[in-house]
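Student: Provided herewith is a single structure, encoded as structure tokens, for subsequent inquiry.
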Ligand code: 9MR
């Protein structure tokens, strides 16, 4: 069996989400959908739904500042909140109200939207331009049996007579919501046996020009077990009965927890044949644990934070002891409520600082970021810092430990910081790091640099650059080694749509420009990544009506390709459009344009920069399987249609048990025979078998050899280069350690590039 990569950004799936914590991923800030300014008469009502979106799809927190007296900002229990206010004649005038979305895991990642609310003395209550929110025609609750289909039409109406856009919140797995092309949409679903239970589905109509003008209609759908299934010993858990002979949960049900308390839930499963079934949970909420009690049961413990107020769904699985494909899954709802009479205050923490290593002569730039689960800003101070360093206030609640070192500083020095709760100064958190200042010669590598060896063969050797490389603590060392070793660089995150176009038409170029300038200064090619992808989309694209997808896609491609025309050598035009079975992924782009979006994207990109190499990029396609077969057919079709596609990017996120080399070689060959250039775009090899980097190095070597044997293989690019900054850093997949020392893999590549 070939290796599978972990799904992007969700490394939990690597292990079934049980034993390992997620690897460090770049976390993107949430955004709030645009909100129009409001005009209201005294005595009228202002009502605005505030919709935050997070690129990682975790539900952000929401706050409001400058709340007028008597206004409310209530939780709609679906991730949004409604601001409501009935001003009186004392409120006449204008005021600015700011809504802020706060990232669920990193409260320092925020973004805000400000709205001017103007209260008039006369006239009718109205929205700023008289435009009123559309609504959805009433729908009734219904019930459906497993195996049966349910289908109904959802009709939005707009008081102004324009056709509103529609979307559905919380579409159950397997359901669809298709455009009837007459302004309505059809909800269709055939629930399966795992979906027994109640589903609340919210259909929302919104005004495309003013997305904050919206209103919803909620339908409760009850899915019942078919009569044919015998309900066994466990009446509380109807799901447990779905597969005969499967283990089942005993007494597992929805939970309720008050903020400030810790939920402790003993999870018990049985199997009628007497064996002890396995237990797993996915996703494990942040800070939750699922401990083995040593008696076949496990205890799920979780202390929710304010960000968790509302519902969290957790899926437990119980797995047959003898056959792991026989399992029962059951999702439970954990409802977190705040007790208004109880003051809950959590202590702050300082997250995410690791012991840095720098060269004597370099400047350490260590950002220290305290966070408070209550969203207050902690007071940060230094308890001890190295002599000659400074602890500078960044003005945003963070501070930087800046230290220009020299040879006198060689060795390990500690720095300690304290964050004190803004409300209760008895709550604090201390954190200490060890800064290692190392003789620069420590980082010398034997032999020649990879890029010099590659240059001699007309080959590209590359890496993906960590987001904001100029701001990481050890940026000088990080960027110097990269510049010495590589002749092509891919921005790991700064080209992604969620990062670069957080609002429609608003482009944040700074971080992408940084990489472009760095590449030029160091004589490296730049590899753009990616123009069209289903993931890391900004909130506004997630809300987009598919009929607008084409225009949005084209605007995005044109903006990026034209900005970097002549500077980006290779573009990943379309990324990851296939599912494992070779079908097209049902992305917003596919929904809007069908599979033609791929062609459209290549044509659009090529028009903006005919000289750049335009490639299609995907994972798990480096060897022969249904997915690479589908990609092969797609490339054949595009070539026949004259689409300007120049090559294929094979990501190759491998594990250290990989062995399918022959298949890779044959696969590359068939694409080469189509005239495609081959790029290995995101190479890394996760170490699952302990710390032996020999296995890893062997895979590095063999893949480099395959690439060099194939004349069409133009580049081998690893997804980062130091384990310190890797999306899978727990598995040390790269060729330098987290302290920047070359591993065996490095020397294998060096040797092959030199001798092969
Ligand atoms: O390494 C990237 C990580 O930092 C991001 O959080 C994640 C989501 O944007 O994407 C990772 O890179 C992915 C790449 O863009 C596309 N192929 C799979 C990579 C690993 O998930």
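Student: Name the single residue that is surrounded by the most Cβ atoms within 10 Å (Cβ to Cβ) among those in the stretch 497-513 being free of Cβ contacts under 8 Å to residues at least 60 places away in the same chain and within 16 Å of the ligand (Cβ to nearest atom).
Tutor: 512
Student: Now for a separate question. May I ask you to say which residue of 107, 68 is under 28 Å from residue 375 (Cα atoms), modelled with pLDDT of 85 or more, assigned to a loop (DSSP other than H, G, I, E, B) and more than 16 Å from the ligand (Cβ to nearest atom)?
Tutor: On the way: 107 fails: modelled with pLDDT of 85 or more.
Among 107, 68, only 68 is under 28 Å from residue 375 (Cα atoms), modelled with pLDDT of 85 or more, assigned to a loop (DSSP other than H, G, I, E, B) and more than 16 Å from the ligand (Cβ to nearest atom).
Student: Further question on the same structure: Based on what the data block shows, is residue 537 touching a helix residue (DSSP H, G or I) at 6+ places or on another chain (Cβ under 8 Å), part of a strand (DSSP E or B), within 16 Å of the ligand (Cβ to nearest atom) and more than 20 Å from residue 599 (Cβ to Cβ)?
Tutor: no
Student: Test residue 63 against the stated conditions and say whether it is under 18 Å from residue 540 (Cα atoms), touching a strand residue (DSSP E or B) at 6+ places or on another chain (Cβ under 7 Å) and either modelled with pLDDT under 85 or surrounded by 15 or more Cβ atoms within 10 Å (Cβ to Cβ) (or both).
Tutor: So residue 63 fails the test.
Student: Only residues that are surrounded by fewer than 20 Cβ atoms within 10 Å (Cβ to Cβ) and within 16 Å of the ligand (Cβ to nearest atom): list them for the stretch 462-490, please.
Tutor: Listed by number, the residues that qualify are 468, 471, 472.
Student: What's the number of the only condition in (1) on the phi < 0 side of the Ramachandran plot; (2) without any contact (Cβ under 8 Å) to a residue 60 or more places away in the chain that residue 523 fails to meet?
Tutor: Failing condition for residue 523: (1).
Student: So which residues in the stretch 488-512 are closer than 13 Å to residue 561 by Cβ and touching a strand residue (DSSP E or B) at 6+ places or on another chain (Cβ under 8 Å)?
Tutor: Once the filter is applied, which keeps residues that are closer than 13 Å to residue 561 by Cβ and touching a strand residue (DSSP E or B) at 6+ places or on another chain (Cβ under 8 Å), the stretch 488-512 yields 495, 512.
Student: Hey, can you tell me all the residues within the stretch 1-35 that are at pLDDT 80 or above, within 12 Å of the ligand (Cβ to nearest atom) and not in a loop (DSSP other than H, G, I, E, B)?
Tutor: Our first condition is that a residue be at pLDDT 80 or above; within the stretch 1-35, this holds for 28-35.
Subset that is within 12 Å of the ligand (Cβ to nearest atom): 28.
Listed by number, the list is empty, since nothing qualifies.
Student: From 172, 159, which residue is assigned to a loop (DSSP other than H, G, I, E, B), at pLDDT below 80 and under 26 Å from residue 76 (Cα atoms)?
Tutor: Values: 172 fails: at pLDDT below 80.
Sole residue among the options that is assigned to a loop (DSSP other than H, G, I, E, B), at pLDDT below 80 and under 26 Å from residue 76 (Cα atoms): 159.
Student: Go through 357, 365 for me and flag whichever is touching a helix residue (DSSP H, G or I) at 6+ places or on another chain (Cβ under 9 Å) and surrounded by 21 or more Cβ atoms within 10 Å (Cβ to Cβ).
Tutor: From the options 357, 365, the qualifying one is 357.
Student: Let me ask something additional. It is to be established whether one or more residues within the stretch 334-349 are surrounded by fewer than 20 Cβ atoms within 10 Å (Cβ to Cβ) and under 30 Å from residue 269 (Cα atoms).
Tutor: yes
Student: Output the strands (runs of 3 or more DSSP E) that fall wholly within the stretch 439-532 and possess 2 or more residues being closer than 28 Å to residue 366 by Cα, or say none.
Tutor: On the way: elements: 460-465, 488-491, 525-528.
Fully inside the stretch 439-532 and qualifying: 460-465, 488-491.
Student: Here's something else I'd like to know. Might you let me know whether the stretch 36-59 holds any residue that is crowded, with 19+ Cβ neighbours inside 10 Å, modelled with pLDDT of 80 or more and either within 30 Å of residue 628 (Cα to Cα) or within 16 Å of the ligand (Cβ to nearest atom) (or both)?
Tutor: Yes: one or more hits.
Student: Continuing with the same structure: Identify the residue in the stretch 131-147 that is modelled with pLDDT under 80 and touching a strand residue (DSSP E or B) at 6+ places or on another chain (Cβ under 9 Å) and, among all such residues, is farthest from residue 95 (Cα to Cα).
Tutor: It comes out as 146.
Student: Starting from residues that are touching a strand residue (DSSP E or B) at 6+ places or on another chain (Cβ under 8 Å) and at pLDDT below 95, keep the ones in the stretch 395-421 and report whichever is surrounded by the most Cβ atoms within 10 Å (Cβ to Cβ). Let's see the steps before the verdict.
Tutor: Residues of the stretch 395-421 that are touching a strand residue (DSSP E or B) at 6+ places or on another chain (Cβ under 8 Å), as a first pass: 397-405, 409-421.
This time we only want the ones that are at pLDDT below 95, so: 397-398.
Details: 397: 19, 398: 16.
Once the filter is applied, the top-ranked residue is 397.
Student: Exactly one condition in (1) modelled with pLDDT of 90 or more; (2) farther than 21 Å from residue 199 by Cβ is not met by residue 309; state its number.
Tutor: (1)
Student: Then there is this: Consider residue 318 carefully, then state whether it is in contact with a helix residue (DSSP H, G or I) (Cβ under 7 Å, 6 or more places away or on another chain) and either surrounded by 18 or more Cβ atoms within 10 Å (Cβ to Cβ) or outside any strand (DSSP E or B) (or both). First the steps, then the outcome.
Tutor: Numbers: in contact with a helix residue (DSSP H, G or I) (Cβ under 7 Å, 6 or more places away or on another chain): no; either surrounded by 18 or more Cβ atoms within 10 Å (Cβ to Cβ) or outside any strand (DSSP E or B) (or both): yes.
In short, no.
The values are calculated or read from the model by the stated rules, or taken from the named source; none is laboratory data. All figures in this text were calculated on a predicted structure; none of them were measured in a lab. We place every Cβ from the backbone using ideal geometry, glycine too, and count neighbours over all the protein chains shown.
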